[in-house]
Amino acid sequence: MLYVLVILAVIVIASILFVSLHPTFGVTPSKNDRETFSKFVNFTNGKFVNQSPTEMKMSFSTIISLVKDSLIGKKDRKPKSPIPISFDWNTMRSKNDSLTWFGHSTFLLNLDNKKMLIDPMFGPAPSPVSLIGSKRYSEDLLYVIEELPLIDAVFITHDHYDHLDYSSMLRLKDKVGHFFVPIGVGAHLQRWGVAAEKITELNWWDEIEWGGLKIASVPSQHFSGRGMFNRDTTLWTGWVILGKKYRLYTSGDGGYGPHFNEIGEKYGPFDLTLIEGGQYDKRWAPIHMKPEESVQAHLDVKGKNMMLIHWGAFTLAYHSWTDPVERAVMAAKEQDVSLIAPKIGETVLLDAMKPIPVPWWK
């Protein structure tokens, strides 16, 4: 018995040391950082908070139901075979205004001859340890980083592993001109070797002019944290990117709420919206939208063309992997919304967006 207790104690201590010391977990904001954050209206009692109260506690019965579903969930929670991916590198590297999807919430946006990555997660698994957790539906995409042109800017919506990937950032940091991140996330990047002068942190409703573009950080209804003890100590956000000809909005992760109407009133209309809606469940409804809510959010922000994001790469919820896009297609038809659904790896020209999706996922 004593031997078992010693082994358990060693495992616990080793786990705490790993989480505390390994750089993949990033940095917990310092006391000085927290004193600065305390001046913000969306920072209360040492934590960032949503505009609308968001209950995140789970009962014991809910946890048991999650474990049960993870063991005996639907068989179609991931593709039967790896998703093939091909790239049009010439178009991607050209000066054409375009968008390339790499699955989940990762995009290369080319706008006004500026090449920008959104939530660059190219790693094999959305986990601090690649052997644990869901695996990418396609081949490992880290090699893509070496093929990409120089990147003018990276935009991060929040610090979860499926949006801020340590292995990707290590490969990207020296070929990126600037990083735009929510408040507090810059400390993670600095620990990973990104110079402070290359990082701009923004709070909700902050605006800046950059390279001829107007950039704004806007609210989302979500949460943050990479370690055991830093829940909600950094901000989560959506991004508005306004160019000379095209206006884009990406929601980041989050549940449905009144902030979409506020964003639409302040910055709409948008030529293209990238709306989260691919990892939903009634047990975490406040922080992830169902596809029908995603379509409504698109209407709220006054979007013209919409793309559903946060699907197509990893299994993080308990529905089938194609359920998000199929429900979004149906909801878009009912609401007369122009929905695009490119293949993973496909480059879409912004002046030639096709509203009728080709169901490649079938």
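A short reminder: the numbers here are calculations on the coordinates, not readings from a lab. This structure is a prediction, so every number in the text was calculated from the model and none was measured. Neighbour counts run over all protein chains shown; Cβ positions are idealised from the backbone, glycine included.
A few remarks follow.
- Choice from E276, E55, E139 showing the highest fluctuation, given a GNM over the chain with Cα pairs closer than 10 Å: E55
- Taking I145, I356 and counting other C-beta atoms within 10 Å, the order from fewest to most: I356, I145
- Shown here are the Rg and Dmax of the Cα trace of segment 105-215, at 13.8, 42 Å.
- Residues whose placed amide H lies under 5 Å from that of Q221, excluding near-sequence neighbours: G255
- Helix-derived mean residue ellipticity, 222 nm - over the chain, DSSP H n ≥ 4, -39500 (n - 2.57), to 500: -7500 deg cm²/dmol
- Fully extending the segment from A196 to N113 would add 27.4 nm, taking 0.36 nm per residue of separation and subtracting the current Cα-Cα distance.
- Two-site label geometry, D281 and R34: point separation in nm, points 7 Å out along Cα→Cβ: 3.0 nm
- Counting other Cβ atoms within 10 Å as a rough exposure proxy, the listed residues W361, W236 run W361, W236 from fewest neighbours to most.
- Annotation: aspartates and glutamates with alpha-carbon distance below 18 angstrom to K214 (same-chain offsets under eight excluded): D97, D112, D152, E201, D206, E262, E265, D271.
- Local electrostatic count, K95, Cβ distance below 14 Å [Lys/Arg +1, Asp/Glu -1]: +1
- Hydrophobic long helices, here whole DSSP H runs in the chain with Kyte-Doolittle means of at least 1.0 and Cα atoms spread over 15 Å or more along the helix axis, are found at 2-21, 60-72.
- Under a 5 Å amide H cut-off, with hydrogens placed 1.01 Å from N, G252 pairs with W239, E276 among residues at least 5 apart or on other chains.
- Each residue, E55 and D174, gets one label point 7 Å from its Cα in the Cβ direction; the gap between the two is 5.1 nm.
- Cα gyration tensor shape for segment 44-174, rounded if a/c is under 1.5, else prolate or oblate: oblate
- Each of V358 and L142 was given a label point 7 Å from its Cα along the Cα-to-Cβ line. The distance between the two points is 3.2 nm.
- Fewest-first ranking of H298, H104, using other Cβ atoms within 10 Å as the exposure measure: H104, H298
- Maximal additional length on extending the D69-T44 stretch stands at 5.6 nm, based on 0.36 nm per residue less the C-alpha distance.
- Among [x] 39, 20, 19; [y] 30, 25, 22; [z] 36, 23, 17, the entry that matches semi-axes √(5λ) of the Cα gyration tensor in Å as calculated here: [y]
- Pairs from K47/K75; K78/K354; K173/K343; K135/K343 whose Cα-Cα separation, in the structure shown, is over 29 Å: K47/K75
- Applying 1/(1 + (r/R0)^6) with R0 = 45 Å to the Cβ-Cβ distance of E326 and K266 gives a FRET efficiency near 0.90.
- Mean separation of Cα contacts under 8 Å, 6 or more apart, over the residue count of the chain: relative contact order %: 18 percent
- Comparing segment 262-362 with the 2.2 N^0.38 Å rule of thumb, its C-alpha radius of gyration ratio is 1.04 (two decimals).
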